[in-house]
Amino acid sequence: MSLPPPPRPPGPPRALATEGLRAALLYLFAWPLPLSALVSLFLGRLDMVAGTAGAFALVILASSLIARGLAARREQRPATGVPRPLALGAALVGLAGFLAAWLGAGYGVAMSLVFAACSGAGTALLFGLDEAPPRPALPEGASPLTADERRVLAEAKGRVAALEQAARRIASAEFRDRLGRIAGWAGAVVTEIERDPRDLRRARKSLTVYLDGAEKVTAKYLATHARAGDQQGALEQNFRTLLEELERAFAEQHARLLQNDTMDLDVQIEVLTTRLKREGVM
């Protein structure tokens, strides 16, 4: 029986050639540099030759790096040879802009730095930056959370279950529903954190404050409602307001986790904490 023919060796990566054409766009902006270097050489201006020729050499190197970075990003693989080639390429273009402005055109250092910043930033905007390397896969059965983080999530799940139990002890259907929704939102937050453990770093404080507040507010209501007497109406309204705030806080926290957005979260935590302390539950 004849053996199958060996596989053909891979040819040159087509993506690298394609992205090389895109990276060659840099030469459209750098074409005056070699011409200026020749003129400066005839004039005997060696400083201008060094500035313009050196800048063009940096552009050539940056174009090669950017081509590799674009190909790696397109194929969703790590770049070979040089880490973060797109960022390094943009930095080299910025350095080229500095040399061309300082030695080639005779600008001062401050203005040359402005040219450098604009050149590097423009290259980064044109080609983008390197994607973050994928996180290494964990061994089967391993947890990405530390022991302390697992403890925090276990406590959060226990408090969610305690809220659900407390809801069943409340006579008011409105309050049972509100506590049920709060427990639902809290459970959704915990599930989102388990799906992406990085969220715990952003949401740990708020998760602890909100769940602790909800548990204590409910316990205080259950302990005082039966003997509130004439104050039952005021107690119920106060409890209703706090539950509304807690429900809104959990819903907003869940939305922020989905958007990876932590803006104004600390302010919201402090406002709710102050309110809970004023009510004597924290």
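Remark: pairs (first residue in segment 224-243, assigned by TED's automatic domain parsing to the domain that holds Ala173 and at negative phi; second residue of a type in the set (S, T, N, Q) and modelled with pLDDT of 80 or more; Cβ separation under 7 Å; 6+ apart in sequence or on different chains) = Leu235/Thr224. Among residues of segment 21-40 that are more than 15 Å from Gly97 (Cβ to Cβ) and in the same structural domain as Gly122 (by TED's automatic domain parsing), those with a Cβ under 9 angstrom from a residue that is at pLDDT 75 or above and surrounded by fewer than 14 Cβ atoms within 10 Å (Cβ to Cβ), sequence gap 6+ or separate chain, pair up as Ser40/Leu46; Ser40/Asp47.
Residue-wise test of (1) at pLDDT below 85; (2) charged (D, E, K, R); (3) buried (at least 17 other Cβ atoms within 10 Å of the Cβ); (4) in the same structural domain as Tyr221 (by TED's automatic domain parsing).
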| residue | (1), (2), (3), (4) |
| --- | --- |
| Gly158 | no, no, no, yes |
| Ala161 | no, no, no, yes |
| Phe175 | no, no, yes, yes |
| Thr191 | yes, no, no, yes |
| Glu194 | yes, yes, no, yes |
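Applying the condition of being of a type in the set (A, V, I, L, M) and more than 14 Å from Ala219 (Cα to Cα) to segment 172-195 and asking which residue is nearest to the chain's Cα centre (by Cα) yields Ile193. Just to be sure before I move on: is Glu215 outside the structural domain of Ala79 (by TED's automatic domain parsing), of a type in the set (D, E, K, R) and at pLDDT 85 or above in the structure I sent? No.
Do you know which residues across segment 244-256 are free of Cβ contacts under 8 Å to residues at least 60 places away in the same chain and either among the basic types (Lys, Arg) or closer than 17 Å to Arg178 by Cα (or both)? Hits for segment 244-256 are Glu245, Arg248, Ala249, Glu252, Arg256.
Yes/no matrix, rows are residues, columns are (1) closer than 15 Å to Gly128 by Cα; (2) touching a strand residue (DSSP E or B) at 6+ places or on another chain (Cβ under 6 Å); (3) hydrophobic (A, V, I, L, M, F, W, C):
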| site | (1), (2), (3) |
| --- | --- |
| Leu38 | no, no, yes |
| Asp47 | no, no, no |
| Gly51 | no, no, no |
| Ser63 | yes, no, no |
| Arg68 | yes, no, no |
| Ala90 | yes, no, yes |
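A search for C-beta distances below 9 Å between a residue of segment 49-60 that is without any contact (Cβ under 8 Å) to a residue 40 or more places away in the chain and under 10 Å from Leu26 (Cβ atoms) and any residue that is among the hydroxyl-bearing types (Ser, Thr, Tyr) and assigned to a helix (DSSP H, G or I), counting only pairs 6+ apart in sequence or on different chains, returns Val59/Tyr27; Ile60/Tyr27.
The values are calculated or read from the model by the stated rules, or taken from the named source; none is laboratory data. Everything numeric in this text was worked out from a predicted model, so none of it was measured. As a convention, Cβ positions derive from the backbone with ideal geometry for all residues, glycine included, and neighbour counts pool all protein chains shown.
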